[in-house]
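A quick write-up on the structure given underneath.
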Amino acid sequence: VAEMGERGARAVGVDPDERMISLARERWPRADFRVADAYGLPFVDGALRGYRADKVYHVLDDPARAITEAWRVLGPGGRIVLVGQDWDTFAIDADDAALTRTIVQARADMVTAPRIVRRLRQLLLDAGFADVTVEARTAVSTDAAIVPVLADMAGKAQSVGAISEAEADAWVAEQRERGRSGRLFFALPMFVTAATRP
C-alpha cells in the first residue's frame, strides 16, 4: 500500500487481522488500512480500478468465492492481480532428494490451498474475467539467511509425522553447513496471475 501510494495510486490495504492493520497504521499513518477479509471487502459494487492479493489465496478455504467478491468490487476495465507460490514447487539442493521431497510435500499439505496458483487462471475464466495471463518469477537464495525457513519446513514436516526427528536434525544440519560454506540453493517460483473485468 505504501509503495503504491508513493507511485501516486490511492491504495487501500485490507487484512482480517486487527494486529496487522494496527502495525501497518503505525508504520504508515497516512495510508488507508481496513479490517476485512477476502469474502467481504469494504467497498461498494464497482468501486475499484484494481485489486491485488499478494500471497493470500493459498490460505483461503473458498478461493472462488474470493474471486467473486473481487469481481463485485471491480468496475468495468478493472484489473485483478493475484501473486502467490505453489507450495509443491520449492527447489532445494540436498544430498537426500527423497527426504527433501517428503519435507516439501508435508509442508505443502499443511497449507489450506497449497496448489491454488495452478487453478487461478481457470477460476478467473469461470468468473467471467478476460485477458487472463500467468507469469512466473523465481526467487533464488544461496544465502545462509534462508536456513531458518528451511529449518521451519523440516520442523513442520516432523510435527505431522512425515519425517523423524533424526531425519529433520540431519537435514537441517546439512542445510546449515551448506549455508556456512556457500553451497546452499533454495528457489521459490512466484506466479502472477492477472486479468481484466470486462
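Answer yes or no: is there a residue in the stretch 65-73 that is under 20 Å from the mean Cα position of the chain (by Cα), assigned to a helix (DSSP H, G or I) and either among the small types (G, A, S) or closer than 30 Å to V172 by Cβ (or both).
Yes, there is a match, as at least one residue in the stretch 65-73 is under 20 Å from the mean Cα position of the chain (by Cα), assigned to a helix (DSSP H, G or I) and either among the small types (G, A, S) or closer than 30 Å to V172 by Cβ (or both).
Among what's in the stretch 21-37 and is touching a Phe, Trp or Tyr at 6+ places or on another chain (Cβ under 8 Å) and not charged (D, E, K, R), pick the residue that is nearest to L60 (Cα to Cα).
Looking at the filtered set, the residue picked out is I21.
Among (1) part of a helix (DSSP H, G or I); (2) under 25 Å from R72 (Cα atoms); (3) touching a residue at least 12 places away in the same chain (Cβ under 8 Å), where does Q122 come up short?
In the conditions (1) part of a helix (DSSP H, G or I); (2) under 25 Å from R72 (Cα atoms); (3) touching a residue at least 12 places away in the same chain (Cβ under 8 Å), Q122 misses (3) alone.
Can you tell me which residue is farthest from D62 (Cα to Cα) among those in the stretch 1-20 that are under 18 Å from the mean Cα position of the chain (by Cα) and surrounded by 16 or more Cβ atoms within 10 Å (Cβ to Cβ)?
V1
Can you pull out every residue in the stretch 140-155 that is open to solvent by 60 Å² or more (accessible area, probe 1.4 Å), closer than 20 Å to Q105 by Cα and either in contact with a Pro (Cβ under 6 Å, 6 or more places away or on another chain) or in a helix (DSSP H, G or I) (or both)?
Of everything in the stretch 140-155, those that are open to solvent by 60 Å² or more (accessible area, probe 1.4 Å), closer than 20 Å to Q105 by Cα and either in contact with a Pro (Cβ under 6 Å, 6 or more places away or on another chain) or in a helix (DSSP H, G or I) (or both) turn out to be P148, V149, D152.
Can you give me the number of residues within the stretch 157-193 that are surrounded by fewer than 19 Cβ atoms within 10 Å (Cβ to Cβ) and not aromatic (F, W, Y)?
21
Cβ-Cβ under 6 Å, sequence separation 6+ or interchain: first residue in the stretch 76-105 and under 21 Å from F191 (Cα atoms) and open to solvent by less than 50 Å² (accessible area, probe 1.4 Å), partner at pLDDT 95 or above and among the β-branched types (V, I, T). Which pairs?
L82/T193; V83/V192; G84/V117; D86/V117; W87/V111; F90/V104; I92/T100
Mind checking which residues of the stretch 111-139 are surrounded by 14 or more Cβ atoms within 10 Å (Cβ to Cβ) and more than 14 Å from Q85 (Cβ to Cβ)?
Those that are surrounded by 14 or more Cβ atoms within 10 Å (Cβ to Cβ) and more than 14 Å from Q85 (Cβ to Cβ): R121, L123, L124, A127, F129, V132.
Residues of the stretch 21-56 being under 18 Å from G75 (Cα atoms) and either in a strand (DSSP E or B) or under 18 Å from the mean Cα position of the chain (by Cα) (or both), which ones?
Within the stretch 21-56, A38, Y39, G40, L48, R49, G50, Y51, R52, A53 meet the criteria.
What are the pairs, 6+ residues apart or on separate chains, where a residue within the stretch 170-198 that is farther than 27 Å from G75 by Cα and free of Cβ contacts under 8 Å to residues at least 60 places away in the same chain has its Cβ under 7 Å from a residue that is open to solvent by 50 Å² or more (accessible area, probe 1.4 Å) and in a helix (DSSP H, G or I)?
Close Cβ pairs (under 7 Å, with a partner that is open to solvent by 50 Å² or more (accessible area, probe 1.4 Å) and in a helix (DSSP H, G or I)) do not exist here.
Restricting attention to the stretch 177-194, report how many residues are among the aromatic types (F, W, Y) and out of contact with any helix residue (DSSP H, G or I) (no Cβ under 6 Å at 6 or more places or on another chain). Spell out the reasoning first.
Step one: filter the stretch 177-194 for residues among the aromatic types (F, W, Y), giving 185-186, 191.
Pick out the ones that are also out of contact with any helix residue (DSSP H, G or I) (no Cβ under 6 Å at 6 or more places or on another chain) and you get 185.
Total meeting the criteria: 1.
Among all residue pairs at least 6 apart or on different chains, which show Cβ distances below 6 Å where the first residue, located in the stretch 45-65, is open to solvent by less than 100 Å² (accessible area, probe 1.4 Å) and the second is of a type in the set (K, R)?
What qualifies is G50/R79.
The values are calculated or read from the model by the stated rules, or taken from the named source; none is laboratory data. Keep in mind the model is a prediction, meaning the values are calculated, not measured. Reconstructed Cβ throughout: ideal geometry from the backbone, glycine too, with neighbour counts over all protein chains shown. With ligands, DNA and RNA removed, areas are computed over all heavy atoms of the protein, side chains included. Shrake-Rupley method; radii C 1.70, N 1.55, O 1.52, S 1.80 Å.
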